[in-house]
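Heads up: the structure comes next, in structure tokens.
The values are calculated or read from the model by the stated rules, or taken from the named source; none is laboratory data. Predicted model, so just to flag it, every value in this text is computed and none were measured. Here the Cβ is made from the backbone with ideal geometry for all residues, glycine too, and neighbour counts use every protein chain on show.
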Amino acid sequence: MPHCLHGTGEHICSFLTVGSVFHRSVGDDLNPSARTCGTARRGYVPDMTTNTRLIETTPERVWEVLSDGWLYPLWVVGASRMRDVDPSWPLVGSKLHHSVGVWPALIDDSTSVLEVNPGHRIKLLARAWPAGTAEVVITLAPQGAGTLVTISEEPASGPATLIPRPVRGPSLKWRNSETLRRLAYIAERRDLPTS
């Protein structure tokens with residue numbers, strides 16, 4: 001059964017099948033003007049929960065936010081504070097040292113870069129003990145004067161992988177919807193650097 005969110009700058013389709021929830025955003029591998037659900041889609045990744053949002057600024061401005069590791073807790077839902085950022089962030093192998101949770105129950109953890117194509121795509125391994133790790137892929141694509149930002153996430157290890165997809169899928173979808181909303185607030189309103 002499809003479920004769609006329209007009119008929020010975001011389009012997310014969920015399909016419930018036997019034993020799995022598939023999330024697909026129209027902007028992925030498709031013509032962004034095709035804003036209908038239930039149509040055949042190519043490039044489907046059934047294990048990833050995917051959200052897409054059109055952010056009303058350039059890909060360069062969005063990348064500036066992604067490449068400033070100190071901003072991470074401002075836009076990533078669940079990250080509470082930043083403890084340190086590797087000087088080489090966001091190069092492959094660099095890490096963000098953050099905390100998750102709410103004080104006083106904060107847990108120190110990290111997120112590392114697995115792959116990066118600066119200005120276009122970053123793949124992260126996010127640790128969130130005791131839940132485990134998750135692979136997160138963020139892609140940026142120019143669309144008119146804005147940027148189509150896609151975030152895909154899937155648990156990679158730990159207890160979260162044992163949660164059935166129909167249960168974990170919707171919670172990841174809603175969390176990453178808020179993550180993209182926060183990213184848009186920062187990228188769209190951030191002052192341009194002065195020369």
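Just to confirm my filter: which strands (runs of 3 or more DSSP E) fall fully inside region 39-152 and include at least 3 residues that are more than 23 Å from SER171 (Cα to Cα) and modelled with pLDDT of 95 or more?
79-85, 95-100, 107-117, 132-143
Of the residues SER171, SER177, which is part of a helix (DSSP H, G or I), small (Gly, Ala, Ser) and free of Cβ contacts under 8 Å to residues at least 12 places away in the same chain?
Selected residue: SER171, the only one of SER171, SER177 that is part of a helix (DSSP H, G or I), small (Gly, Ala, Ser) and free of Cβ contacts under 8 Å to residues at least 12 places away in the same chain.
With SER88, SER112, SER80 as the choices, which residue is of a type in the set (Gly, Ala, Ser), over 18 Å from the mean Cα position of the chain (by Cα) and either loosely packed, with under 13 Cβ neighbours inside 10 Å or within 23 Å of ARG181 (Cα to Cα) (or both)?
From the options SER88, SER112, SER80, the qualifying one is SER88.
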